[in-house]
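Step one of this worksheet: look at the structure below.
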Amino acid sequence: MDLNDILSQLGLSGSKDVVYLSVTPSVGLELILLDTTARTVKNYAYRPLEYNESLREIANIEEFKRDVEDLFSELKINLKSNVILNLPMVLFGSKDLPLLLADDAVTEALTSEVEQSYIFKRFEPVVSWCDATASQTGDSRKLFYSALQKNVVDDIKNALAELGISLVGVEISLTSILKALAFTGLAEAQMKDNVSWNLMLINQNGYSICSMVGKNIVEYYEEPLAIKSFEGDEIYNAINASAQITLMSYPANYLYILSTTDMVSAELLSKRINFDGMINYYDNNDFKRDNPLPVSLEVLEDTAHKISLEAIGIAVGSAVSMPVKFNFLTKSTESGVEDPNEPFHVEFGSHEFDISPNAARNISVLISILLLIPVFAAYMIIPMIEKQKQTQLNDINSKLEQTNNEIKRIQEEQNKLNDFDANAEIKKVLGFNRSKLMAYTALGESVPKNLWITYFTAKDDGKIDIKGDSENVEDIYTFFKNMKDSLINTKLRLHKLEMKSNSVDEAVTIDPDTPNDYEFEITNMTDAEVNALVKPADPNAQANPQNPNQNNAR
C-alpha cells in the first residue's frame, strides 16, 4: 500500500470539484453546471472566444486563460478544480483492422492514417479510438477513431495548470452533441433500439452525416462546403443539391438536421431538403427558439439562450452512456495526478490547512506503523506471489510478441502478393458514378420549354459538355444558370452562343415574326478538350439541312 493511498484513506488529500467547459465556435467559451437528476441547468456563463477554423485551434491561448479565470470568478468556483473540456471535432473516421492486432499496433496504424490529413501533416496528432460495436465477427473489426493536435491539448493543459486547474478529460463536439440529444430527449424517438436515422450536422465548413442505429454510429460522411461564399437562399439550394445523392446512400427512417452555424437555419433547411422519411430539426445557433433544458433563476434569459448542445453534452458526464467515446489524455493526466511538490490541502473537521509532501510523508509513516502492524505478516507473502505472477506475465508477453510478429509477417506477405486495393477502387467507381448521376439529374431538372439538347457528355473525370438549340437567348441563360446552381463545383461556362444560319444573307433577311434559332454550348472543358470532341458531320444531317431539330431530344 502506497503512502499517498494511506493519506487518501485518512482524508489527508483534498478532493476537487469537477467543472465542465466547452469551446464552442458559435458561442465562445462556456462554463456550465448541471443538475443531472432534475435535468436542469444550475448555473451557466460564457465569454466570446475567437476560434481559428482553418487551423482548428483556439486563436489566442492567453485570451482563453483569461476567460477561464473570469468564468470561475463569476460563478464563484474554486480554481483548485478538475476540468473536463469539450473541443470542436478536428477529424473523425472509421477503419477495418485485423481482430488479433494488439492495441499498440492499432494505435500505430490509425496514427499513420490520421497523418495523411492536411492538418496533421504539420502538427503531431493525439489519436483515440474505440470499437464500432460491442461484438465483432470474422477476422477483422471496425474501429471509429478521432484525432486532435497534441500541441493544442498541451497548450490548454498548461494554461489551466498555471491557474491551478487540472485538465482531467477532453471530449469532441460530435460525442458531446449525441449525449446532449439523448439527455434532453430531443432525439428520443430516433435513439430507440434498432431505429435507423441520419444525423446531419451543419457547420460553417460544410456538413456531415452520421448514419445511426439507435445510439450506435454505423457510418460517417463529411462534405466540405464553402458556406460563407453563398448569399441568402443560395446556401440552402447548394446543401440540398449536394446532400440529395448522399442521403440516398444512407437510407433511414428519420433525418435529424442540426445546425451549429448562424448562417444556416435547420428549420428552413428541413423544408427545402428532399427526403422520403420523417424530418426533425434543431437550431443550435441564433435561430434557436427554445432552450434545450430548463434553467435556474441564477441564469439570465439572454445568457440562457446561448447554451449550446456541446456544453450540455460535456456536462452530462456519466449520466448518459454512448457506445462511441474517446479519451485524448495520457493515463497520468487522466487520473488527475498533480505536481509532486504541490502541498496537500487538508480538511480536519472545521479546520483547513495545507501540508507539504515531506510533512505528509512523515505523518503517514507514523500512522502506517500504527495501522499496519496487525497485517504485517500478511505482506510477507506478497513478494512470493508477485514473483510467481510476474513469471506468468513474462510468459504471456513473450507469446504475445511472437503472435504479433507472425501477424506482421503474414500481412507483409499478403501485401507483396496482392497490391490491388479493393476499397480504393470501389470508392473511385462510386465517386465517378455519383458525379455522373448528379449531372444527369441536374440536366433533367433544368431544361426550359423552348430549348433542345442536341449533345451531352459527362466524363469520369468530371468534365461535362452540353450542346443545344433554343428559340431565344433568355431560355439559354436560364438553362445555364440552373445548371450552375445544381452543379456548383463543376465551374461550367458558356463556351458558345450564336444564331443559326446557313449564310450571311439568310441571317440578314430573317422574318421578324419568325422565332430565331440559337446554338449554344456549355462546358467546363478547355478549348483544346472541346475541339478534340468534334467529329465528322453526319451524312443524314447534310441530306436534310432544313430541319436541324429532327433528331433533337429535350
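The values are calculated or read from the model by the stated rules, or taken from the named source; none is laboratory data. Treat the numbers as computed from the prediction; the structure is a model and nothing was measured. Neighbour counts are summed over all protein chains in view; Cβ atoms, including those assigned to glycine, are modelled from backbone coordinates with ideal geometry.
Counting only residues that are touching a helix residue (DSSP H, G or I) at 6+ places or on another chain (Cβ under 6 Å) and under 29 Å from ALA243 (Cβ atoms), which one in the stretch 465-484 is surrounded by the most Cβ atoms within 10 Å (Cβ to Cβ)?
PHE479
If you scan the stretch 153-177, which residues turn out to be closer than 21 Å to SER259 by Cβ and part of a helix (DSSP H, G or I)?
Matches in the stretch 153-177: SER173, LEU174, THR175, SER176, ILE177.
Please verify whether the stretch 290-297 includes one or more residues that are within 18 Å of the chain's Cα centre (by Cα) and either farther than 30 Å from VAL126 by Cβ or modelled with pLDDT of 85 or more (or both).
Scanning the stretch 290-297, I find no residue that is within 18 Å of the chain's Cα centre (by Cα) and either farther than 30 Å from VAL126 by Cβ or modelled with pLDDT of 85 or more (or both), so the answer is no.
Within the stretch 38-62, track down each residue that is buried (at least 17 other Cβ atoms within 10 Å of the Cβ) and within 20 Å of LYS306 (Cβ to Cβ).
Answer for the stretch 38-62, where residues must be buried (at least 17 other Cβ atoms within 10 Å of the Cβ) and within 20 Å of LYS306 (Cβ to Cβ): VAL41, ASN43, TYR44, ALA45, TYR46, ARG47, LEU49, TYR51, ILE58.
Does the stretch 46-88 hold any residues that are among the basic types (Lys, Arg) and either part of a loop (DSSP other than H, G, I, E, B) or without any contact (Cβ under 8 Å) to a residue 40 or more places away in the chain (or both), and which are they?
Correct list: ARG47, ARG56, ARG66, LYS76, LYS80.
For the stretch 313-322, name all the residues that are surrounded by 15 or more Cβ atoms within 10 Å (Cβ to Cβ) and over 14 Å from ILE172 (Cα atoms).
Matches in the stretch 313-322: VAL320 only.
Could you list, in sequence order, all residues of the stretch 270-312 that are of a type in the set (Lys, Arg), exposed (fewer than 14 other Cβ atoms within 10 Å of the Cβ) and assigned to a loop (DSSP other than H, G, I, E, B)?
Hit for the stretch 270-312 is ARG289, nothing else.
Listed here are the residues, each with its yes/no results for (1) touching a strand residue (DSSP E or B) at 6+ places or on another chain (Cβ under 8 Å); (2) closer than 26 Å to LEU225 by Cα.
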| site | (1), (2) |
| --- | --- |
| ILE58 | yes, yes |
| GLU62 | no, no |
| PHE72 | yes, no |
| ASN78 | no, no |
| ASN82 | yes, no |
| PHE92 | yes, yes |
| ASP96 | yes, no |
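With respect to GLU63, is the statement that it is farther than 21 Å from VAL170 by Cβ and assigned by TED's automatic domain parsing to the domain that holds ASP155 true?
no
Would you confirm whether or not the stretch 101-111 contains a residue that is over 25 Å from ARG39 (Cα atoms) and hydroxyl-bearing (Ser, Thr, Tyr)?
yes
Results for (1) of a type in the set (Gly, Ala, Ser); (2) in the same structural domain as PRO323 (by TED's automatic domain parsing); (3) buried (at least 17 other Cβ atoms within 10 Å of the Cβ), shown as yes or no for each residue.
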| position | (1), (2), (3) |
| --- | --- |
| GLY169 | yes, yes, yes |
| LYS215 | no, no, yes |
| TYR220 | no, no, yes |
| SER229 | yes, no, no |
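Would you confirm whether or not the stretch 144-158 contains a residue that is in contact with an Asp or Glu (Cβ under 6 Å, 6 or more places away or on another chain) and either within 18 Å of GLY317 (Cα to Cα) or surrounded by 19 or more Cβ atoms within 10 Å (Cβ to Cβ) (or both)?
yes
With LYS150, LYS95, LYS121 as the choices, which residue is assigned by TED's automatic domain parsing to the domain that holds ILE314, touching a helix residue (DSSP H, G or I) at 6+ places or on another chain (Cβ under 7 Å), of a type in the set (Lys, Arg) and closer than 30 Å to THR261 by Cα?
Only one candidate qualifies: LYS95.
So which pairs qualify, if the first residue must be in the stretch 92-121 and crowded, with 18+ Cβ neighbours inside 10 Å, the second must be small (Gly, Ala, Ser), the Cβ gap must be under 6 Å, and the two must be at least 6 apart or on different chains?
Short answer, once both residue conditions are applied: PHE92/SER146; VAL114/ALA147.
More than 22 Å from SER249 (Cβ to Cβ) and free of Cβ contacts under 8 Å to residues at least 24 places away in the same chain - does that describe any residue in the stretch 438-454?
For the stretch 438-454, residues more than 22 Å from SER249 (Cβ to Cβ) and free of Cβ contacts under 8 Å to residues at least 24 places away in the same chain: absent.
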